[in-house]
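Novice: I have a structure here, written as structure tokens, and I will follow up with some questions on it.
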Amino acid sequence: MEVKISDEFLGTVAPLVVYWIYSGFYVLFGSSEKYRLHSKKEEDDKNLVSKKTVVKGVLLQQAIQAVVAIILFTVTGSDESPTTNGSLSVFDLGRQFFTAMVVLDTWQYFMHRYMHQNKFLYRHIHSQHHRLIVPYAYGALYNHPLEGLLLDTIGGALAFLLSGMSPRASIFFFSFATIKTVDDHCGLWLPGNLFHVFFQNNSAYHDVHHQLYGTKYNYSQPFFNVWDKILGTHMPYTLEKRENGGFEVRPVKVVKDD
Ligand SMILES: [Zn+2]
Ligand SMILES: [Zn+2]
């Protein structure tokens, strides 16, 4: 008997598996103070939620998202076999990936920013993500299920549809987006991390957003920081070596309270 796994199914499930494998590596790196953006003590003192609750929250959210994603793929998919990627050039694939990145970034910037501005949405939905003042890798998708649906699932669906990528290409795109999101929450500044070389929006950038002074800045996610720069919500920072190992992210601007 031949078991056939569809690309749509893989595009949904691969990112979930990639999430736990990639963040598993960071659990190992995070055990040393050397590369941390916050000390382990700070992580325990400041975070408002236990690791166990975070793991359960992420699993619940992934389960809901997987079901909705499969339904969305089924509704939007065509009847023809969509595995004909052979005729696409590398240039076409690159264009689709870039389009999908821009669409996802744009959707997430405005939704994310609105979730901070609308007090009701912040209190009941987005504040869950901000219980991790010191982010760590597998807390990246610790979100209210509704937030996962609005930002990730709908954002992902829009990126998929508007870029015109195939379900097969989407396996790689959604896995890449997942890895990028985990990396942005890893709470570490590791030498040679390619995400830090290629993206100004990285773990230090997003760390600013998770701090109490930073929640009105650095909304951009997960790829670029263009919307923050255009709309004046960009908070530059410096990275300074801490005495006891690791780095500290310091905002460059004075933060006004209003
Ligand atoms: Zn936020
Ligand atoms: Zn975050």
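Every read-out reported here was derived from the displayed coordinates using simple, explicitly stated rules and does not represent laboratory data. Because the structure is a prediction, the values reported are computed rather than measured. Neighbour counts run over all protein chains shown; Cβ positions are idealised from the backbone, glycine included.
Novice: Each residue of region 5-22 in order: what ³J(HN,Hα) in whole Hz does its phi give by Karplus 6.51 cos²θ - 1.76 cosθ + 1.60, θ = phi - 60°, with x for Gly and Pro?
Specialist: Whole-Hz 3J(HN,Hα) from phi for region 5-22: 9, 6, 4, 4, 5, 5, x, 8, 8, 3, x, 5, 5, 4, 4, 6, 5, 5.
Novice: Name the aspartates and glutamates eligible as straight-distance cross-link partners of K216: C-alpha to C-alpha under 15 Å, and not fewer than 8 places from it in the same chain.
Specialist: Candidates past the 8-residue exclusion: D207, D228, D257, D258.
Novice: A follow-up question, please. Using amide H atoms built 1.01 Å from N in the peptide plane, name the residues 5+ places from Y237, or on other chains, whose amide H lies under 5 Å from its own.
Specialist: Result for Y237 returns V252.
Novice: Find how much the distance from R123 to Y213 grows on full extension, using 0.36 nm per residue of separation minus their present alpha carbon separation; answer in nm with one decimal.
Specialist: Computed gain between R123 and Y213 is 30.7 nm.
Novice: Here's something else I'd like to know. Need one number: the % of Cα-Cα pairs in the chain sitting beyond the 33 Å mark.
Specialist: Taking all Cα-Cα pairs of the chain, the fraction more than 33 Å apart is 19 percent.
Novice: Run through every distinct alpha carbon pair of region 1-124 and return the Kirkwood hydrodynamic radius in angstroms, one decimal place.
Specialist: Across region 1-124, the inverse of the average 1/r is 18.8 Å.
Novice: Next question, about the same structure. Could you list the square roots of 5 times each eigenvalue of the Cα gyration tensor of region 122-174, that is, the equivalent ellipsoid semi-axes, sorted largest first and rounded to whole Å?
Specialist: 27, 14, 7
Novice: Mind listing which GluC sites (Glu not before Pro) in region 21-128 are in a DSSP loop and have 11 or fewer other Cβ atoms within 10 Å?
Specialist: Qualifying residues, ordered by number: E80.
Novice: Order these by the 10 Å Cβ neighbour count, fewest first: I70, I5, I171.
Specialist: I5, I70, I171
Novice: Also, quick follow-up: To make sure I understand the rule: partners must be lysines, Cα under 21 Å from the Cα of K34, and not fewer than 8 residues away in the same chain. Which ones qualify?
Specialist: Within the straight-line cut-off, K34 pairs with K46, K241.
Novice: Here's something else I'd like to know. Amide H of L188: which non-local residues (sequence gap of 5 or more, or other chain) have their own amide H closer than 5 Å, using H built in the peptide plane?
Specialist: L37
Novice: Report the gain in length on full extension from F198 to L60: 0.36 nm times residue separation, minus Cα-Cα distance, nm rounded to one decimal.
Specialist: Length gained, F198 through L60: 46.5 nm.
Novice: Would you kindly state how much longer the chain becomes between E42 and R250 on full extension, computed as 0.36 nm times their sequence separation minus their alpha carbon distance, in nm to one decimal?
Specialist: 73.3 nm
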